[in-house]
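Let me begin by presenting the structure, written as structure tokens, before commenting on it.
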Amino acid sequence: MALDQSILRNIGIMAHIDAGKTTTTERILYYTGKIHRIGEVHEGTATTDWMVQEQERGITITAAAVSCKWRNHQINIIDTPGHVDFTVEVERSLRILDGAVAVFDAVSGVEPQSETVWRQADKYNVSRIAFINKLDRIGANFTASVESIRTRLAANPVAFQMPIGAEENFVGMVDLVRMKALLWAANDTSRGEKFDVVEIPDEIKEEAARAREILVSSLADVDDGIAEKYLEGIDPGVAEVMAAARRATISFKIVPVFCGSAFKNKGVQALLDAVIDYLPSPLDLPPVEGLSADDKETKLVRQRDAAEPFSGIAFKIMTDPFVGQLIFARVYSGKISVGEVVLNTRTGKRERITKILRMQANEREELPWVEAGDICALAGLKQIATGDTICDQKHGIRFESVVFPQPVISIAIEPRTTADMDKLMKSLERLENEDPSFRVTYNSETGQTLISGMGELHLDIIVDRLKREFKVEANVGKPQVSYRETISGKSEVEETFSREGGGIAQFAKVRLAVRHSEDADAQDGLIFKNLASPLQIPPQFVEGVRKGLLEGMQAGALAGFGVIGVTVELLGGAFDQQISTENSFKVAASLALRQALRLAAPQLLEPVMWIEVLVPDEYLSNIITDLNSRRAQINSVSLRGHLQVVEATGPLELMFGYATQLRSISQGRATYTMRFDSYQAVGAATLARITGHA
């Protein structure tokens with residue numbers, strides 16, 4: 001029986017750390033009957049926080065996929081991390097999702113990581129609804145939280161509910177579409193399953209009427225049908241409001257806002273209804289576009305239909321102790337069954353699917369087939385990376401991949417015993433394959449193996465996983481900054497590669513122009529433009545030039561760090577029809593680039609972090625003094641609730657160990673968020689220390 005995509009919702013739960021994403025997901029699974037006992041994050045028993053490291057720390061580290069049913073609809077949910085070190089998990093999840101629930105803490109409103117994940121959702125055109133959580137907490141403010149969405153995220157939030165009571169007196173909410181009250185009893189023993197839908201209490205009827213007026217007025221601003229009735233003074237019916245709200249949500253004109261307390265089991269059922277009513281099914285979205293797998297330039301379109309040729313994208317790789325490597329995939333078109341062979345259009349390799357699984361966090365259910373619209377896990381694919389397109393062998397297509405940030409912190413790692421060296425390298429290779437923001441490099445000069453990631457916690461988790469999952473004991477060094485290099489000038493060079501040896505002759509000649517570029521791709525730091533005539537360099541050799549440039553970007557002219565922010569133009573060159581090859585042009589381009597970088601005023605860059613500290617008044621001066629000692633630039637100090645908010649930017653090198661210092665100078669009462677902001681040129685002292693010359 002074919003899958004009815006109209007009853008399918010592929011959604012993510014996203015938010016700042018500790019806003020209640022995993023707790024909300026746990027309640028969703030409970031009320032939909034997927035689990036029969038509610039697990040708690042603080043007890044380490046939440047379904048989607050299945051890793052030992054997640055249970056011990058009370059945070060989500062890896063995006064977990066679960067599936068459930070509500071009102072005869074299938075909801076595929078991905079619970080994403082909130083910690084900035086694991087933002088890559090959010091990035092690759094949002095790449096393949098249709099909708100998202102953004103969870104906000106009712107006390108704090110929009111927080112730093114809320115902004116980050118919101119921008120990621122904007123990037124991938126993901127429709128959203130908002131859930132203001134933790135309304136039972138002291139200091140909870142629904143109105144202020146909604147306003148923070150408007151001001152800090154530049155969105156158009158529209159309240160579809162109004163809370164009844166506040167803080168410890170929060171008992172339910174008003175449904176502003178149906179104009180009914182949802183009330184939970186104070187002595188409820190049903191874990192929130194039972195609640196009363198009643199008429200709105202008299203004491204809040206007037207306030208609810210005003211809120212309903214704002215809801216209809218907001219819809220009238222974005223929907224002609226509602227606007228016509230609004231101008232005529234006619235109150236639109238429930239069905240009309242819901243239809244208009246659905247259209248406006250899917251077209252990004254509004255963000256419906258709901259409220260509750262997931263931990264106190266209030267409001268989650270209404271949130272589930274909102275997922276069904278307002279977030280899109282795959283059929284509500286336009287066809288997917290890609291490029292031909294053959295020429296990589298011809299645009300192709302796939303309808304979201306099971307009758308189309310099979311196509312999908314691998315968005316996550318996980319090592320499973322039972323079936324080996326699992327590939328999480330979103331199927332955009334067609335149908336695939338166990339035993340069939342698919343094409344990976346990045347590698348050109350064909351591989352057989354041995355298992356298709358529906359994942360429930362770390363549990364699994366085997367499926368005979370999967371088709372358009374669904375999310376699944378595949379086993380049997382070996383040579384595959386995150387972002388790869390898999391498709392029908394005879395109908396090649398390549399979808400846009402995911403661009404991942406460069407690591408900003410490194411540590412040296414070595415096995416405790418020489419016997420473990422091979423085991424360590426194989427384990428690191430598997431972890432690198434799982435996590436695109438994790439890198440493993442070998443420094444031939446020092447003989448050290450370096451692992452690089454997005455932050456101290458990221459690398460701490462990696463080392464912990466090596467010990468527990470892979471049974472490898474390792475020694476690690478102190479954190480090191482991952483510097484980068486760029487150029488501030490421009491140059492033009494010509495390089496000839498000519499060699500004879502072993503009876504093989506090679507020849508290639510290239511002429512390159514390089515200059516600094518602010519918008520170079522974040523993945524490899526290079527923008528490449530081919531301006532050469534095909535008579536000088538035939539098209540079959542241009543790919544060799546591009547590969548050589550990417551190789552040359554791995555080590556800069558100053559200190560051998562990776563190069564970013566460079567535009568390279570291939571102006572011309574020469575070839576010999578008898579002895580020129582793609583490889584000879586690769587070597588020539590790499591040599592030419594290294595020479596060009598030396599002549600174009602190379603610069604050393606350091607990662608600069610954006611820091612936000614929330615601190616009580618009495619410790620504010622201590623915080624600012626400490627940040628100044630770390631060469632941080634204080635950008636603003638403002639008030640949020642009863643706390644001072646300090647925003648600053650500072651070099652990563654001087655921010656190591658900040659968490660411990662912050663606890664010390666604030667007696668444990670301050671909290672902070674830190675994320676990568678940008679690369680900036682180092683000062684003369686740092687340049688001299690790193691390179692040996694100013």
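The values are calculated or read from the model by the stated rules, or taken from the named source; none is laboratory data. Because the structure is a prediction, the values reported are computed rather than measured. Glycine also receives a Cβ, built like all others from the backbone with ideal geometry; neighbour counts cover every protein chain displayed. Each accessible area value is taken on the protein alone, full model and side chains, heavy atoms only, with ligands, DNA and RNA left out. Shrake-Rupley method; radii C 1.70, N 1.55, O 1.52, S 1.80 Å.
Could you calculate the FRET efficiency of Ile665 with Arg71 from 1/(1 + (r/R0)^6), where r is the beta carbon distance between them and R0 is 51 Å, rounded to 0.05? Walk me through the intermediate numbers first.
On the way: r = 52 Å, r/R0 = 1.01.
Plugging the Cβ-Cβ distance into 1/(1 + (r/R0)^6) gives 0.50.
Sorted by packing (mean other beta-carbon atoms within 10 Å per residue), highest first, where do 451-462, 536-547 land?
The densest-packed peptide leads the list: 451-462, 536-547.
Where only protein heavy atoms count, and the probe is 1.4 Å, what is the accessible area per residue for the chain in Å²?
Spelled out: the 1.4 Å probe surface of the chain, per residue, equals 43 Å².
Where Lys and Arg each count +1 and Asp and Glu each count -1, what net charge lies around Val402 among other residues with Cβ under 9 Å from its Cβ?
Here the charged neighbours net out to 0.
Considering the values (i) 27.8; (ii) 32.6; (iii) 26.9, which represents Kirkwood radius over Cα pairs in Å as calculated for the structure under consideration?
The calculated read-out lines up with (i).
Taking the Cα centre of the chain as origin and charging only Cβ (+1 Lys, Arg; -1 Asp, Glu), how large is the dipole, in debye to the nearest 20? Don't skip to the answer; put the middle values down first.
Numbers: 76 positive and 93 negative charges, 285 e Å.
The dipole magnitude comes to about 1360 debye.
Which one, Gly573, Thr686, Phe438, projects farthest toward the positive side of the charge dipole computed for the chain from Cβ point charges (K/R +1, D/E -1)?
About the Cα centre, the residue reaching furthest to the positive side is Gly573.
Return the calculated 222 nm mean residue ellipticity for the chain, to the nearest 500 deg cm²/dmol, obtained by summing -39500 (n - 2.57) across DSSP H runs with n ≥ 4 and dividing by the residue count.
-8000 deg cm²/dmol
In whole percent, and with a 1.4 Å probe on the protein chains, what portion of the accessible area of the stretch 554-644 is carbon and sulfur?
Of all accessible area on the stretch 554-644, carbon and sulfur atoms account for 49 percent.
Heavy atoms only, probe 1.4 Å: what % of the accessible area of the stretch 232-384 goes to carbon and sulfur, would you let me know?
Of all accessible area on the stretch 232-384, carbon and sulfur atoms account for 51 percent.
When only the heavy atoms of the protein chains count and the probe is 1.4 Å, how do Ser108, Ser666, Ser629 rank by accessible area, highest first?
Ser629, Ser108, Ser666
Sort His73, His642 by accessible area with a 1.4 Å probe, largest first.
Order by accessible area, largest first: His642, His73.
Would you mind counting up the charge near His16? Only other residues with Cβ under 10 Å from its Cβ, with Lys and Arg at +1 and Asp and Glu at -1.
So the environment of His16 carries a net charge of -3.
Name the residue from His516, Phe142, Tyr31 whose Cα lies farthest towards the positive end of the charge dipole of the chain, charges +1 on Cβ of Lys and Arg and -1 on Cβ of Asp and Glu.
Most positive-ward Cα: His516.
Just want the answer: with Cβ charges of +1 for Lys and Arg and -1 for Asp and Glu, which residue in Thr87, Thr116, His73 is farthest toward the dipole's positive end in the stretch 62-134?
The listed residue farthest towards the positive side: His73.
Which length gain, in nm to one decimal place, applies between Lys123 and Arg640 when the Cα-Cα distance is subtracted from 0.36 nm times their residue separation?
Once the chain is fully extended between Lys123 and Arg640, it gains 183.3 nm.
How high is the relative contact order of the stretch 540-686, in percent, with contacts defined as C-alpha pairs under 8 Å that are six or more residues apart? Before the final figure, lay out each step's value.
Working: 209 pairs, mean separation 37.7, N = 147.
Computed value for the stretch 540-686: 26 percent relative contact order.
Please go through the residue pairs Lys335/Lys471; Lys349/Lys586; Lys123/Lys471; Lys299/Lys529; Lys34/Lys471 and name each one whose alpha carbons sit more than 28 Å apart in this structure.
Long pairs (Cα-Cα over 28 Å): Lys335/Lys471; Lys123/Lys471; Lys34/Lys471.
Only Lys, Arg, Asp and Glu count, each charged at its Cβ (+1, +1, -1, -1), so figure out the dipole size of the stretch 606-689 about its Cα centre, rounded to 20 debye.
Here the size comes out at about 140 debye.
With all protein chains present and a 1.4 Å probe, how do Val476, Val646 order by accessible area, largest first?
Final ranking, largest accessible area leading: Val476, Val646.
If one computes the Cα centroid of the stretch 87-123 and of the stretch 595-662, what distance in Å separates the two points?
Answer, in whole Å: 23.
Ignoring ligands and nucleic acids, what accessible area does Trp369 show with a 1.4 Å probe (Å², nearest 10)?
80 Å²
Enter the accessible area of Val158 (Å², nearest 10), with the probe set to 1.4 Å and all protein chains included.
The accessible area of Val158 comes to roughly 0 Å².
Residues with beta-carbon under 12 Å from that of Ala379, excluding Ala379: net charge, scoring Lys, Arg +1 and Asp, Glu -1?
+1
Quick check: from the Cα gyration tensor, does the stretch 471-544 come out rounded (a/c under 1.5), prolate or oblate?
Cα axes put the stretch 471-544 in the oblate bin.
Sorting check: for 115-128, 191-204, which peptide has the highest mean count of neighbouring beta carbons within 10 Å, and how do the rest follow?
Numbers: 115-128: 19.3, 191-204: 12.9.
The packing order, highest mean first, is 115-128, 191-204.
Leaving ligands, DNA and RNA out of it, work out the accessible area of Tyr30 with a 1.4 Å probe and give it in Å² to the nearest 10.
Answer for Tyr30: close to 40 Å² accessible.
So if we plug the beta-carbon distance of Asp320 and Thr298 into 1/(1 + (r/R0)^6) with R0 = 45 Å, what FRET efficiency do we get, rounded to 0.05?
My answer for the efficiency is 0.75.
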